[in-house]
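Colleague: Submitted below is the structure of interest, expressed as structure tokens.
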Amino acid sequence: MELKLNIYNKKEIVKTYTAETYDLMFGTVEDLINLIDLDKLQTGSDTELFKLIMDVVMNGFGTIKVLLKDIFDGLTEDELRNTKTKDIASILVEVVKYTIVEATKGGNGKN
């Protein structure tokens, strides 16, 4: 799955970073999962996951910056200042969903 992060100048997109979920480093995914209290998920819906991640983004942005720089090679501090919080949260939702799917694949195989 392709992840996209837009960089804005006011409301105009001036640059877009892309990354593939399958290229993510395990440590990056592990750091993100450790920030989110997955025990709070009741339904597992995208909306519920988005709310949990928005809390993490708003309260732990220092760590989120490092994670985003790991995901999007070449991303700078200045560019991060010109992103939308909802875009960042959407990317993190996709990373968490991808991680959950990949982690559960091994348990679905036939013996």
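Colleague: Show that you can apply the helix-only estimate: for the chain, add -39,500 (n - 2.57) for every DSSP H stretch of four or more residues, divide by all residues, and state [θ] at 222 nm to the nearest 500.
Modeller: Numbers: 5 runs with 60 residues, N = 111.
Mean residue ellipticity, 222 nm, calculated: -17000 deg cm²/dmol.
Colleague: Given a 1.4 angstrom probe, what's the average accessible area per residue across the range 1-101, in square angstrom?
Modeller: On a per-residue basis, the range 1-101 sits at 61 Å².
Colleague: Give me the accessible area of THR85, 1.4 Å probe, in Å² rounded to the nearest 10.
Modeller: Solvent-accessible area, nearest 10 Å²: 60 Å².
Colleague: Next question. State, in angstrom, two size descriptors of the range 54-95 derived from its alpha carbons: Rg to one decimal place and Dmax to the nearest whole number.
Modeller: 9.5, 26
Colleague: Among all helices in the chain defined by DSSP H, which have a length of 27 Å or more along the axis from Cα atoms plus a Kyte-Doolittle mean of at least 0.0?
Modeller: 85-105
Colleague: For the range 7-50, what is Rg from Cα atoms divided by 2.2 N^0.38 Å, rounded to two decimals?
Modeller: 1.62
Colleague: With the dipole of the range 40-104 worked out from charges on the C-beta (+1 for Lys and Arg, -1 for Asp and Glu) around the Cα centre, which of THR63, VAL96, GLN42 lies farthest toward the positive end?
Modeller: GLN42
Colleague: Hey, if you drop one equal point scatterer on each alpha-carbon of the chain and run the Debye formula without solvent, what base-10 log of I(q)/I(0) do you get at q = 0.09, 0.15, 0.16 Å⁻¹?
Modeller: -0.24, -0.65, -0.73
Colleague: When the accessible area of the chain is computed with all protein chains present and a 1.4 Å probe, what percentage of it is carbon and sulfur?
Modeller: 48
Colleague: Charges only on Cβ, +1 for Lys and Arg, -1 for Asp and Glu: so what's the dipole of the range 1-58 about the Cα centre, in debye to the nearest 20? Don't skip to the answer; put the middle values down first.
Modeller: On the way: 6 positive and 11 negative charges, 89 e Å.
Here the range 1-58 has a charge dipole of around 420 debye.
The values are calculated or read from the model by the stated rules, or taken from the named source; none is laboratory data. Since this is a predicted model, take the numbers as computed values, not measurements. Cβ sites come from the backbone with ideal geometry, for glycine too, and all protein chains shown count toward neighbours. The accessibility values were calculated without ligands, DNA or RNA, using every heavy atom of the protein model including side chains. Shrake-Rupley method; radii C 1.70, N 1.55, O 1.52, S 1.80 Å.
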